[in-house]
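Enquirer: Before I ask anything, here is the structure I am working with.
The values are calculated or read from the model by the stated rules, or taken from the named source; none is laboratory data. What you see is a predicted model, and the numbers here were worked out from it, not measured in a lab. As a convention, Cβ positions derive from the backbone with ideal geometry for all residues, glycine included, and neighbour counts pool all protein chains shown. Just so you know, the surface numbers come from the protein's heavy atoms only, side chains and all, with ligands and any DNA or RNA stripped out. Shrake-Rupley method; radii C 1.70, N 1.55, O 1.52, S 1.80 Å.
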Amino acid sequence: MGVQVVDHPLAKALLAALRDRTTPPPLFRLLAKRLALVLCMEATRNVPTAPVEVETPLSRTTGLRLAKPLVAVPVLRAGLGMLEAVTELFPEVTVGYVGLERDHATFEPSLYYSKLPPLDGRTVLLLDPMLATGASAAAACNALERAGAEEITLLSVVSAPEGIAHLQLLHPEVSIVTASIDDGLNHHAYIVPGLGDFGDRLFGTL
Ligand code: URA
């Protein structure tokens, strides 16, 4: 599936503030949540709907309801910074968790935790703010598909071209919604210009 870069000016302004190295963790958390709201709106633009009859104070009319349950899966720990946005927009969402560790020498991820609700027949929103090498996102998609996921959209704040290419190679069925495609990775596999370590900036562990 495709890659969609959210070009709303609000998303651009929020991202610029997130990138700013002087943005402290409390503000970073707030901005990350706001940007996740924008990404989530875009990621759910085409979810299936069904008609619903409503009675207004004046007459009956037909509206829409979501026809398929949503599941949000943040990748620990950075993805937690995007979760509240999804639960606020979609209070009925069920939530699973995937924990992946990156080996500092090889950059290869390994799955150390997975707790997932039923995924089949649902729209899965995978929350992983930094699509860097794409290895973690691909490992997360493997875990989700092993657990029955049929339709996955990755919500990422910043993506590297390398990560997009890797994920599209291994999981061409996954859609990506991101606020930016940056220049690329440095030799520590950090995204440039990027915003640094998302988890550290979110939780103040710099
Ligand atoms: N993870 C981060 O938090 N930042 C990067 O730039 C790459 C991976």
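Enquirer: What is the local net charge at Val5, summed over the other residues whose Cβ is closer than 12 Å to its Cβ (Lys, Arg +1; Asp, Glu -1)?
Expert: -2
Enquirer: Skip the ligands, DNA and RNA, and give the accessible area per residue of segment 2-132 with a 1.4 Å probe, whole Å².
Expert: So segment 2-132 comes to 55 Å² accessible per residue, rounded to a whole number.
Enquirer: Among the lysines, which have Cα under 25 Å from the Cα of Lys115 when same-chain residues fewer than 8 positions away are ignored?
Expert: Lys33, Lys68
Enquirer: Turning to a different aspect of this structure: Sum up the charges of everything whose Cβ sits under 14 Å from the Cβ of Val98, counting Lys and Arg as +1 and Asp and Glu as -1, but leave Val98 out.
Expert: That works out to +1.
Enquirer: Which residue, Leu155, Leu126, Leu116, tops the fluctuation ranking in a GNM of the chain built on C-alpha contacts under 10 Å?
Expert: Evaluated over the chain, the most mobile residue of the options is Leu116.
Enquirer: Taking only Cα atoms, what is the 0 to 90° angle, nearest 10, from helix 80-89's long axis to the longest principal axis of the chain?
Expert: Roughly 10 degrees between the two axes.
Enquirer: By the scheme Lys and Arg +1, Asp and Glu -1, what is the net charge of all other residues having a beta-carbon under 10 Å from that of Glu150?
Expert: With Lys, Arg at +1 and Asp, Glu at -1, the neighbours total -3.
Enquirer: Next question. Could you please put Met82, Met41 in sequence from largest to smallest accessible area, using a 1.4 Å probe?
Expert: Of Met82, Met41, the descending order of accessible area is Met41, Met82.
Enquirer: Let me ask something additional. May I ask what percent, to the nearest 5, of DSSP beta bridges between residues of the chain are antiparallel?
Expert: The antiparallel fraction comes to roughly 40 percent.
Enquirer: Please list Ile181, Ile164 in order of solvent-accessible area, largest first, computed with a 1.4 Å probe with all protein chains present.
Expert: Highest to lowest solvent-accessible surface, that is Ile181, Ile164.
Enquirer: Ranked by accessible surface with a 1.4 Å probe, highest first, in what order do Lys33, Lys115 come?
Expert: Ranking Lys33, Lys115 by accessible area, largest first, yields Lys115, Lys33.
Enquirer: Report, to the nearest 10°, how far helix 25-43 tilts away from the longest principal axis of the Cα atoms in the chain, using its own Cα long axis and a range of 0 to 90°.
Expert: Between helix and principal axis, roughly 50 degrees.
Enquirer: If you put +1 on each Lys and Arg Cβ and -1 on each Asp and Glu Cβ, how big is the dipole of the chain around its Cα centre, in Debye rounded to 20?
Expert: 460
Enquirer: Among bridges DSSP assigns within segment 46-133, what percent are antiparallel (round to 5)?
Expert: Looking only at bridges with both residues in segment 46-133, the antiparallel portion is about 60 percent.
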